[in-house]
Amino acid sequence: MPLSPPTARRRPPGNAWGPHRAADGRLGNRLRSLAQAGPYVARTQPWAPLIGAAAMGLLVVTTMSLFTGPFQRPAVLVAGLRTAFAATALGMAFLLHDPADDLLETLPTPVRSLRAARLLITLPVLVPAGAAQLALAGHALATDEALQGLGHRPLAWPGLAIELAGFCGLALLAAAIVGRGRWRELGGALAGPLGLGLIAALCLAPLGLTPTAYLLHPTRADHGAWRIAEAAWAAVVVLSAALAGCASRDRWQRLARRIPTPLRS
């Protein structure tokens with residue numbers, strides 16, 4: 001009777017070793033491919049629109065802080081600060097446009113991961129610009145209160161910072177929607193007006209998202225209005241991020257559905 005050769009231990013089919021090991025392998029491959037694509041993402045980042053929009057927002061706030069009188073009144077100052085936020089968010093409408101999108105979809109890294117990398121690379125420009133705008137507005141408000149002999153009342157920093165994040169989230173959502181449609185070659189030229197339209201619709205709607213009374217004579221009702229506005233803008237940020245992530249899926253994934261096999265006769 002011939003001896004049978006020793007059988008090597010075979011790996012079970014599928015994910016019998018555990019789905020977590022296969023998931024870790026996919027995650028590692030995606031992280032490595034994302035690290036390799038990092039220099040390309042940084043090189044093709046639309047720095048000119050991003051820096052130009054941030055500079056425009058700083059210019060608006062700086063101009064208002066240089067003039068005394070009505071321009072430094074709390075209500076007018078906050079309105080100008082929100083205008084600067086809208087100008088800063090306009091640059092986010094150009095963030096997701098890449099002429100090589102069709103080529104990038106062939107990489108093992110999903111397109112949404114590359115777009116998330118673009119957003120992370122943008123934060124070192126966006127965060128200092130927003131902080132500088134808030135600091136300039138706070139200095140202008142303190143100057144106006146000192147001229148009028150009033151006590152110092154600081155800006156509503158948390159609420160205004162969340163508003164800036166909400167403005168940027170709406171602009172990013174507009175860019176993702178445009179990048180998903182047939183007019184994606186237009187990029188920020190179409191996503192910019194769409195994002196500004198979304199921002200204006202929420203700010204002008206009677207939803208109480210743009211309170212200013214807290215800066216003048218704070219009362220319990222004014223504090224409550226700012227808290228409600230903060231919660232609403234935080235919901236806008238989360239919803240915009242979720243919708244932008246859904247719109248950033250690979251366009252070819254709809255072809256990956258299982259095609260039913262015909263019945264054999």
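Values as computed for the structure displayed
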| read-out | value |
| --- | --- |
| Candidate set from segment 163-195 (those that are outside any helix (DSSP H, G or I) and free of Cβ contacts under 8 Å to residues at least 60 places away in the same chain); member that is farthest from Leu126 (Cα to Cα) | Arg182 |
| Tally of residues being modelled with pLDDT of 90 or more and more than 25 Å from Ala201 (Cβ to Cβ) across segment 136-173 | 0 |
| Verdict on Ala131 being within 25 Å of Ala231 (Cβ to Cβ) and modelled with pLDDT of 85 or more | yes |
| Yes/no for Ala229 being touching a residue at least 40 places away in the same chain (Cβ under 8 Å) and either among the aromatic types (Phe, Trp, Tyr) or in a helix (DSSP H, G or I) (or both) | yes |
| Given (1) assigned to a helix (DSSP H, G or I); (2) modelled with pLDDT under 80; (3) of a type in the set (Asp, Glu), index of the condition Asp98 fails | (1) |
| Residue match in segment 245-254 (condition: surrounded by 12 or more Cβ atoms within 10 Å (Cβ to Cβ), at pLDDT below 70, under 20 Å from Arg118 (Cβ atoms) and charged (D, E, K, R)) | yes |
| Residue in segment 65-77 that is at negative phi and modelled with pLDDT of 85 or more present | no |
| Matching residues, segment 122-141, being closer than 17 Å to Ser65 by Cβ and crowded, with 18+ Cβ neighbours inside 10 Å | Ala129, Gly130, Gln133, Leu134, Leu136, Ala137, Gly138, Ala140, Leu141 |
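The values are calculated or read from the model by the stated rules, or taken from the named source; none is laboratory data. This one's a predicted model, so the numbers in the text were calculated from it and none came from an experiment. Here the Cβ is made from the backbone with ideal geometry for all residues, glycine too, and neighbour counts use every protein chain on show.
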